[in-house]
Amino acid sequence: MQKFADEALIEVASGRGGNGCAAFRREKFVPRGGPSGGDGGRGGDVIFVIRRNLRTLAHLRYTHSFRAENGRDGEGRERNGRDGADVLISLPPGTILKDPGTDELIRDFGREEGSFVFLKGGNGGWGNVHFKSSVNQAPRKALPGKPGEYRRLKAELQIMADVGLVGFPNAGKSSLLNRCTNARPRVAPYPFTTKIPNLGVLNLGYSGDFRDSRDLVIADIPGLIEGASQGAGLGIRFLKHIARTVVLVFLMDLSDPLCLNAFDILRGELEHFSPDLMKKKRILCGSKLDLEGTGEALERLREKHPGEKVLGISAFSGEGLQELAAELGVLCTPGPAAAAPEAVSTGDSGGGRG
């Protein structure tokens, strides 16, 4: 069973600052050495680190409480306490953080890289050496360390991809991903073979234009069925993983007698999840063109949707794949319209074979 998790509840806490020390210098022949209490150390921070080699939030399912180290207390002889160690929490690109109670968006990491300090550790308290003066040469005052901060968070993953594959179970999504990319998703002749999102990288040299060295990341999500927005099949939960894509490819099985109605059904399910999904660039793609009678079905599909870009492909024979790759390269060309959209709220669940 593949380990995949796109949601996790975690608790994070920064470290408390160490207490300042009230101490006095005591040495032979120095009867009035004065105050010598050191400062407390600073508490550790909570830091999120974006790591491109991570693809899921599965690691947060096993360790869901993260606490930075407290700062050490100050000591005599003006020795300051050691600062507490930071706690580093690794996240994959595309992770968003929400308040689990209000669902308020706290941070959307998107395509960010690097680290982000989320909670600062508490400052250490001053030792009594800071409070000496001409009128108070032996202060017994020292400050306690400041407390750290605590938050409960909901982490959600929205996969970073350029192209999203949408279709019914057995529409040929996984077969297309298998043929055109380096991904090797499971392919079988029954519905809901795909139960988790799969990613593959399409080299645009495949389209025949070897001057374009860009790679496109393609996401294959579990298939949808009519009524998915009400929980049918695997539902629409995995639709959030195509929320950041630039282009959607709607795959329709040309050998299915109901293929002419497939796009209308899929569009309805996506609009129920998030109307913004249907504002994306899209291609309608008839699959399994190698089967008998599918050529006529492709022509009827084009007649029914004259305003859409409709292509025919066969992942088995390779027919139409170069044209599809070339179209994706054009639509994913960087520009104002290709900017990654903001994170969207999650839906319910999805599923399918492609």
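The values are calculated or read from the model by the stated rules, or taken from the named source; none is laboratory data. The structure presented is a predicted model; accordingly, all values stated were derived computationally and were not measured. Cβ coordinates were reconstructed from backbone atoms using ideal geometry, including for glycine residues, and neighbour counts include every protein chain displayed.
Which ones in region 317-330 are in a helix (DSSP H, G or I) and more than 13 Å from residue 216 (Cβ to Cβ)?
Selection gives 321, 322, 323.
For the structure I just gave you, tell me whether residue 49 is closer than 30 Å to residue 158 by Cβ, of a type in the set (Val, Ile, Thr), touching a residue at least 24 places away in the same chain (Cβ under 8 Å) and surrounded by 16 or more Cβ atoms within 10 Å (Cβ to Cβ).
no
Which pairs do you get when a residue that is assigned by TED's automatic domain parsing to the domain that holds residue 10, found in region 103-118, comes within reach of a residue that is of a type in the set (Ser, Thr, Tyr), reach meaning Cβ atoms under 6 angstrom, with the pair 6+ apart or on two chains?
109/95
Can you name the residue in region 96-122 that is small (Gly, Ala, Ser) and surrounded by fewer than 17 Cβ atoms within 10 Å (Cβ to Cβ) and is also farthest from residue 71 (Cα to Cα) among such residues?
Among those residues, the one meeting the criterion is 101.
Say whether the condition of being among the small types (Gly, Ala, Ser) and without any contact (Cβ under 8 Å) to a residue 60 or more places away in the chain is met by at least one residue in region 53-64.
yes
Are there any strands (runs of 3 or more DSSP E) wholly within region 208-316 with 1 or more residues that are at pLDDT 90 or above, charged (D, E, K, R) and assigned by TED's automatic domain parsing to the domain that holds residue 173, and if so which?
Of the strands (runs of 3 or more DSSP E) lying wholly inside region 208-316, those with at least 1 residues that are at pLDDT 90 or above, charged (D, E, K, R) and assigned by TED's automatic domain parsing to the domain that holds residue 173 span 247-253, 281-287.
Please enumerate the residues belonging to region 81-134 that are of a type in the set (Lys, Arg) and assigned to a loop (DSSP other than H, G, I, E, B).
If the condition is that a residue be of a type in the set (Lys, Arg) and assigned to a loop (DSSP other than H, G, I, E, B), then 82, 111, 120, 132 are the ones that fit.
Quick check on my filter: what residues within region 257-292 are of a type in the set (Val, Ile, Thr) and within 27 Å of the chain's Cα centre (by Cα)?
283
Please identify the pairs in which a residue from region 148-170 that is farther than 30 Å from residue 202 by Cβ and of a type in the set (Ser, Thr, Tyr) has its Cβ atom under 9 Å from the Cβ atom of a residue that is at pLDDT 85 or above and in a strand (DSSP E or B), counting only partners at least 6 apart or on another chain.
Final answer for the pair search is 150/11; 150/12; 150/13; 150/67; 150/119.
Checking residue 73 against (1) of a type in the set (Asp, Glu); (2) within 22 Å of the chain's Cα centre (by Cα); (3) in a loop (DSSP other than H, G, I, E, B), which single condition isn't satisfied?
Residue 73 satisfies all of (1) of a type in the set (Asp, Glu); (2) within 22 Å of the chain's Cα centre (by Cα); (3) in a loop (DSSP other than H, G, I, E, B) except (2).
Which of the residues belonging to region 1-59 are in a loop (DSSP other than H, G, I, E, B), of a type in the set (D, E, K, R) and under 22 Å from residue 80 (Cβ atoms)?
16, 25, 26, 39, 42, 45
For residue 69, indicate whether it is surrounded by fewer than 16 Cβ atoms within 10 Å (Cβ to Cβ) and either out of contact with any Leu (no Cβ under 6 Å at 6 or more places or on another chain) or in the same structural domain as residue 120 (by TED's automatic domain parsing) (or both).
No; evaluated as a whole, the condition is false for this residue.
May I ask you to verify whether residue 34 is of a type outside the set (Phe, Trp, Tyr), touching a residue at least 12 places away in the same chain (Cβ under 8 Å) and surrounded by 17 or more Cβ atoms within 10 Å (Cβ to Cβ)?
It is false that residue 34 is of a type outside the set (Phe, Trp, Tyr), touching a residue at least 12 places away in the same chain (Cβ under 8 Å) and surrounded by 17 or more Cβ atoms within 10 Å (Cβ to Cβ).
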